[in-house]
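These notes concern the structure reproduced below.
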Amino acid sequence: MAVEKNTRSIESGIETDFSGKMSYGSYLQLDRLLSAQVPVSRPEHHDELLFIIQHQTTELWFKLVLHELRTVRDQLRADDLRYAMKGIARVKHIQHILAEQWSVLATLTPAEYAEFRGELGSASGFQSFQYRAVEFLLGNKNADMLRVFEARPEAHRMLAELLEQSSVYDEFLALLHRRGHPVPGHLLARDFRQAHVFDPELVQTFKYIYEHAHDNWDVYEACEELVDLEDNFQLWRFRHVRTVERIIGMKRGTGGSSGAGFLRKALDLTFFPELFAVRTEIGRADDSGAPPS
């Protein structure tokens, strides 16, 4: 039925009395959520709300990414590769949102940001413990980062625990080993507190998987999902750098870093280096043509 006078009538069955009932707002705790944006500029600068919401929504998405990646890691450990890939697919969609969010912050001009940047003190995105947790879960460990969170016991505890635990990549390599694919023993028994570093032996294992994809379709597909995951992460990092350069140029960061130059160094960090290195080797003749052993 068409609406009349551009007004839609409320159907008789729709709930309108929420006294004593759970509502949309109470379920999502919107009173608490929407009161968490507290600008510090005085007088309050119009664009500070954008700056706060940009970072708060990023942290909410990071929370979901961590939730999913922990499950992905657990499912890989349980040899449930298909369920693990479902989690990675969800994370990839979140990553697209996170990367696109930089375009919203990029509407903040240098002059506008300069009017309230000084009010931020030493607060900086470098201090995001959830971002560090994502890096740790993907295998880029760095124990020195824990010093930043010594004043926040819960954040420090989370990162300290993740530092000691296996990463998503560690569990993927262990799954490959259980499937009969050769994985160097030192990778299976490595110190989880260290960042994963490139291992040329592992490249040959991936070369065989890629060149015999039809016989190893599920792990081949998982390899490509992990490549997507890293690609998306690097795109987020790149958009971060470019947005910072657009807004503050080469100024030092509020947290004490050199700014955009320091952020650019993160583009050289990697999670799954062998999955990129193997692309150079695919199709090249080897000595035997037999599976690596």
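According to a simple spin-label model (label point 7 Å from Cα along Cα-to-Cβ), what is the distance in nm between ILE282 and GLU44?
5.3 nm
By how many nm would the segment from ASP191 to ILE94 grow when fully extended, if each residue of separation counts as 0.36 nm and the alpha-carbon distance is taken off? Could the numbers behind the result be given before it?
Details: separation 97, 0.36 × 97 = 34.92 nm, distance 3.00 nm.
Gain in length upon complete extension: 31.9 nm.
Could you compute the net charge surrounding ALA174? Neighbours are other residues with a C-beta less than 12 Å from the C-beta of ALA174; K and R count +1, D and E count -1.
+2
Quick one: with all protein chains in place, what share of the accessible area of the chain is carbon or sulfur, to the nearest percent (1.4 Å probe)?
The value for the chain is 54 percent carbon and sulfur by accessible area.
Tell me, in nm to one decimal, what length is gained between ALA114 and LEU28 on full extension, where the rule is 0.36 nm per residue of separation less the Cα-Cα distance?
Length gained, ALA114 through LEU28: 27.5 nm.
Sort region 90-141 into rounded, prolate or oblate with this rule: let a ≥ b ≥ c be the square roots of the eigenvalues of the Cα gyration tensor; rounded if a/c is under 1.5, and if a/c is not under 1.5, prolate when a/b is larger than b/c, oblate otherwise.
Taking the square roots of the gyration eigenvalues as a ≥ b ≥ c, region 90-141 is oblate.
Most mobile of ALA189, ALA266, ALA222 per a Gaussian network model of the chain (Cα springs, under 10 Å)?
Comparing ALA189, ALA266, ALA222 in the GNM, the peak value goes to ALA189.
Give, as ranges by residue number, the residues of region 3-29 whose backbone N falls under 14 Å from the point 7 Å along Cα→Cβ of SER35.
26, 29
So what is the relative contact order of the chain, in percent, for Cα pairs below 8 Å that sit 6 or more residues apart? Walk me through the numbers before you get to the answer.
Values: 281 pairs, mean separation 59.8, N = 293.
That works out to 20 percent.
Rolling a 1.4 Å sphere over the protein heavy atoms, what is the accessible area per residue of region 131-186, to the nearest Å²?
Value returned for region 131-186: 43 Å² of accessible area per residue.
Lys and Arg at +1, Asp and Glu at -1: add these up for the other residues within a Cβ distance under 13 Å of VAL104 and post the number.
On the way: positive: ARG239, ARG246; negative: ASP47, GLU100.
Summing Lys/Arg as +1 and Asp/Glu as -1 gives 0.
At 7 Å along the Cα-to-beta-carbon direction for both ARG77 and SER257, put a label point, then send me their distance in nm to one decimal.
Those two pseudo-labels are separated by 3.0 nm.
Using a Gaussian network model of the chain whose springs link C-alpha atoms within less than 10 Å, name the residue from SER128, SER19, SER257 with the highest mean-square fluctuation.
SER19
Set Lys and Arg Cβ to +1 and Asp and Glu Cβ to -1, take the dipole of region 42-124 about its Cα centre, and tell me which of LEU60, LEU49, LEU81 lies farthest positive.
LEU81
Relative to the Cα centre, what is the charge dipole magnitude of the chain, using +1 at the beta carbon of each Lys and Arg, -1 at the beta carbon of each Asp and Glu, and rounding to the nearest 20 debye?
In total the dipole reaches around 680 debye.
Ranked highest first by the average count of other Cβ atoms within 10 Å around their residues, in what order do 192-200, 162-170, 25-33 fall?
Going from most to least packed, we get 162-170, 192-200, 25-33.
To the nearest whole percent, what portion of all C-alpha pairs in region 16-82 is separated by more than 13 angstrom?
Summing the P(r) tail past 13 Å for region 16-82 gives 76 percent.
Please check: in the Gaussian network model of the chain (C-alpha springs, under 10 Å), which one of VAL148, VAL241, VAL72 has the largest mean-square fluctuation.
Comparing VAL148, VAL241, VAL72 in a Gaussian network model of the chain, the most mobile one is VAL148.
List the lysines whose Cα sits under 18 Å from the Cα of LYS265, skipping any in the same chain fewer than 8 residues away.
LYS141, LYS251
The values are calculated or read from the model by the stated rules, or taken from the named source; none is laboratory data. As the structure is a prediction and not an experimental result, all values here were calculated from the model. Reconstructed Cβ throughout: ideal geometry from the backbone, glycine too, with neighbour counts over all protein chains shown. Note: accessible area is taken over every heavy atom of the protein model, side chains too, but ligands, DNA and RNA are not part of it. Shrake-Rupley method; radii C 1.70, N 1.55, O 1.52, S 1.80 Å.
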